[in-house]
Amino acid sequence: MFDLRVSLVQAATIWHDAAANRELYGSLVRPLKGSTDLVVLPETFTSGFSNEAINHAETMAGETVAWMSALAVETGAVVTGSVILRDGDQVFNRLLWARPDGTMAHYDKRHLFRMAREHERYAAGRNRLIVELKGWRVCPLVCYDLRFPVFMRNGRAAECAGGMDYDLLLFVANWPAPRRHPWRTLLRARAIENLSYVVGVNRVGRDGNDLDYAGDSAVIDFAGEALVDCGGEPLVVTSTLSWAKLQAHRDRFPAWMDADSFTLHDA
């Protein structure tokens with residue numbers, strides 16, 4: 001197994017300007033060509049977190065999906081982040097997983113942030129996504145999902161190899177500064193309880209609703225220790241995740257073997 005190089009792109013998303021954001025994030029991602037395996041952008045990186053973005057929602061045949069696919073091919077790395085996308089009669093906060101071979105997977109945000117009325121305008125996803133990268137199994141999720149540990153519980157299925165169904169839990173977010181303590185705390189909790197690496201990428205700056213974002217993007221190891229802690233300034237940083245250290249920890253501390261079994265039903 002190989003170690004995994006993950007690049008966190010923490011920037012100030014431009015309010016409701018998809019073209020400008022593609023230019024911004026493209027300029028930050030292209031220098032990573034050949035030096036990373038996975039590039040992580042924030043939640044709703046083409047618009048900011050806005051209910052009004054529904055009026056400008058693209059489709060899977062639109063410019064941003066094509067741009068992400070081309071960027072993954074150009075850099076030779078997976079590129080992921082979420083975008084407001086229309087699919088049929090519904091609009092989703094959709095995380096895209098663009099691979100360098102030109103293929104793409106997606107995950108629709110399941111837990112919609114009712115305090116900002118996200119659930120009144122956007123459709124909720126249903127199914128968790130597990131994708132593979134260099135032999136690593138990755139579970140990518142979106143922002144508010146971080147607060148709901150049952151949905152992301154590792155090793156839920158009896159057929160999971162070694163009790164684990166993923167090795168890296170990933171969150172893209174627009175998490176406001178007043179709630180930065182829960183963001184930082186929950187990233188660490190999710191890593192500890194799931195015996196997994198956790199990566200969280202949040203934006204910085206002020207948005208069009210006058211909300212400030214503190215960043216605090218991070219890479220957390222399986223014991224809850226921060227390998228990267230980005231603070232509040234725009235930053236691009238790459239961290240290498242150790243497969244050997246992850247497996248050694250799981251071998252010497254197999255807490256998953258004593259976990260309670262359960263069945264997850266749709267809400």
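Please specify each residue of region 193-205 satisfying the condition of being in contact (Cβ under 8 Å) with a residue 40 or more places away in the chain, touching a strand residue (DSSP E or B) at 6+ places or on another chain (Cβ under 8 Å) and either farther than 21 Å from residue 153 by Cβ or not in a loop (DSSP other than H, G, I, E, B) (or both).
194, 197, 199, 200, 201, 202, 203, 204, 205
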Does residue 238 count as loosely packed, with under 14 Cβ neighbours inside 10 Å and among the polar types (S, T, N, Q)?
no
Checked against (1) buried (at least 17 other Cβ atoms within 10 Å of the Cβ); (2) part of a loop (DSSP other than H, G, I, E, B), residue 208 satisfies every condition except (1)
Of the residues in region 61-85 that are touching a residue at least 40 places away in the same chain (Cβ under 8 Å) and part of a loop (DSSP other than H, G, I, E, B), the one that is nearest to residue 145 (Cα to Cα) is 77
Checked 250, 190 against criteria (of a type in the set (Lys, Arg) and either part of a strand (DSSP E or B) or touching a Ser or Thr at 6+ places or on another chain (Cβ under 8 Å) (or both)); the one match is 190
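Output the residue which, of all residues in region 30-59 that are assigned to a loop (DSSP other than H, G, I, E, B) and either more than 19 Å from the chain's Cα centre (by Cα) or small (Gly, Ala, Ser) (or both), is surrounded by the fewest Cβ atoms within 10 Å (Cβ to Cβ).
So in region 30-59, the residues assigned to a loop (DSSP other than H, G, I, E, B) come out as 33-37, 41-50, 57, 59.
With the extra rule that they be either more than 19 Å from the chain's Cα centre (by Cα) or small (Gly, Ala, Ser) (or both), the set shrinks to 33-35, 47-48, 50, 57, 59.
Values: 33: 12, 34: 8, 35: 12, 47: 26, 48: 27, 50: 20, 57: 18, 59: 13.
Only one residue fits best here, namely 34.
Check region 172-190 and report whether any residue there is closer than 22 Å to residue 108 by Cα, touching a Cys at 6+ places or on another chain (Cβ under 8 Å) and among the aromatic types (Phe, Trp, Tyr).
Start the filter on region 172-190 by keeping residues that are closer than 22 Å to residue 108 by Cα, which leaves 172-176, 183, 186-187, 190.
Next cut, touching a Cys at 6+ places or on another chain (Cβ under 8 Å) only: 172-175.
Filter once more, so that each one left must be among the aromatic types (Phe, Trp, Tyr): 175.
There is at least one residue in region 172-190 that is closer than 22 Å to residue 108 by Cα, touching a Cys at 6+ places or on another chain (Cβ under 8 Å) and among the aromatic types (Phe, Trp, Tyr).
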Log entry, pairs with first residue in region 96-122 being of a type in the set (Gly, Ala, Ser), second being part of a loop (DSSP other than H, G, I, E, B), beta carbons closer than 8 Å, six or more apart or on different chains, reads 105/99; 105/129; 116/49
Sole miss for residue 181 among (1) surrounded by fewer than 24 Cβ atoms within 10 Å (Cβ to Cβ); (2) within 18 Å of residue 246 (Cα to Cα) is condition (2)
Residue 194 vs (1) of a type outside the set (Gly, Ala, Ser); (2) surrounded by fewer than 18 Cβ atoms within 10 Å (Cβ to Cβ); (3) at pLDDT 95 or above; (4) at negative phi: all pass except (2)
Filter region 230-255 for residues that are of a type in the set (D, E, K, R) and within 17 Å of residue 220 (Cα to Cα); the one that is modelled with the highest pLDDT is 245
All-but-one check, residue 222 against (1) under 16 Å from the mean Cα position of the chain (by Cα); (2) over 30 Å from residue 116 (Cβ atoms); (3) buried (at least 22 other Cβ atoms within 10 Å of the Cβ); (4) not aliphatic (A, V, I, L, M), failing number (1)
Every listed condition ((1) free of Cβ contacts under 8 Å to residues at least 40 places away in the same chain; (2) in a strand (DSSP E or B); (3) small (Gly, Ala, Ser)) holds for residue 239 save (1)
By residue number, the members of region 3-59 that are touching a Gly at 6+ places or on another chain (Cβ under 7 Å), without any contact (Cβ under 8 Å) to a residue 60 or more places away in the chain and not basic (Lys, Arg) are 34
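The values are calculated or read from the model by the stated rules, or taken from the named source; none is laboratory data. As the structure is a prediction and not an experimental result, all values here were calculated from the model. Every residue, glycine as well, gets a Cβ built from its backbone with ideal geometry; the counts of neighbours run over all protein chains shown.
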